[in-house]
Structures are given as structure tokens and as C-alpha cells.
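A.B. asks: Following this message is one structure expressed as C-alpha cells.
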Amino acid sequence: MDNGAVYNATTEPGAKAPRRRPFGCTVRHLWGWRLPVKVVQAIFSFVAVVCEEIVDDCITCSGLYFFEFVSCSAFLLSLLILCVYCTDLYKSLGEDKVKKL
């Protein structure tokens, strides 16, 4: 049989693969003042975790344990938000699911 026009090697002869950034990083979804605010929030919450860990002795530690829980949760959640908004995970989850989250 003859390899006719139906069996062409490709439909786009010179198409190049799209260039991807390392780890899919982008700041397209956190633009303007939102990106610096989220970065500062992550830094402050990390500083709070470090300051809490410096305390050696306490008389009533319930407040310190609550502060530890809140500061660690804030740090982890701010890192999660930065990872979702600044990587390709935002596209794969979908904008509606990210807003619900």
C-alpha cells in the first residue's frame, strides 16, 4: 500500500514543546500587593514559632501551648497558600476549588 497524504508524520511540522519554568513556579495568581503580604505573613509566623521554641521554663504553659499551635498552624497554612498560588497546582485543582479551599 502507498503511504498517501492520510499518513503524514505530523500535522504541525515545526511545533516546539512549550517551555516550562522550574517546578512550575509563577506569580501570575498572586500579583500586586498580595505576594509580598503572603511572604511577610509566612516570615512572621516562622519567627513566632522560633520565639516560642526559645522559651525554656513557664509557670502556666497552657497559653504557650496555644500560641505554639496557632503560630505553627499559621506558618504551615501560609506555606500551603504560597505553594498553591505560585505553582501549577492552582491550574490542576481549578480556580473554583481553590476559592472553596
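The values are calculated or read from the model by the stated rules, or taken from the named source; none is laboratory data. Just so we're clear, the structure is a prediction, and the values are computed from it rather than from any experiment. Calculation scope for accessible area: heavy atoms of the full protein, side chains included, ligands and nucleic acids excluded. Shrake-Rupley method; radii C 1.70, N 1.55, O 1.52, S 1.80 Å.
A.B. asks: How big is Rg to Rh over region 41-90, alpha-carbon atoms, Rh as the Kirkwood inverse-mean-distance radius?
C.D. replies: Taking Rg over the Kirkwood Rh, I get 1.14.
A.B. asks: From the backbone phi of region 33-40, what are the Karplus-calculated ³J(HN,Hα) couplings (6.51 cos²θ - 1.76 cosθ + 1.60, θ = phi - 60°) in whole Hz, Gly and Pro given as x?
C.D. replies: 7, 5, 5, x, 5, 5, 5, 5
A.B. asks: If you don't mind, another one. Largest first, how would LYS91, LYS38 line up by accessible area (1.4 Å probe)?
C.D. replies: So the residues, ranked largest to smallest area, are LYS91, LYS38.
A.B. asks: Considering only protein heavy atoms and a 1.4 Å probe, what is the carbon-and-sulfur percentage of the accessible area of region 30-101?
C.D. replies: Roughly 72 percent, rounded to a whole number.
A.B. asks: Which whole-number value in Å² is the accessible area per residue of region 34-94, probe 1.4 Å?
C.D. replies: 69 Å²
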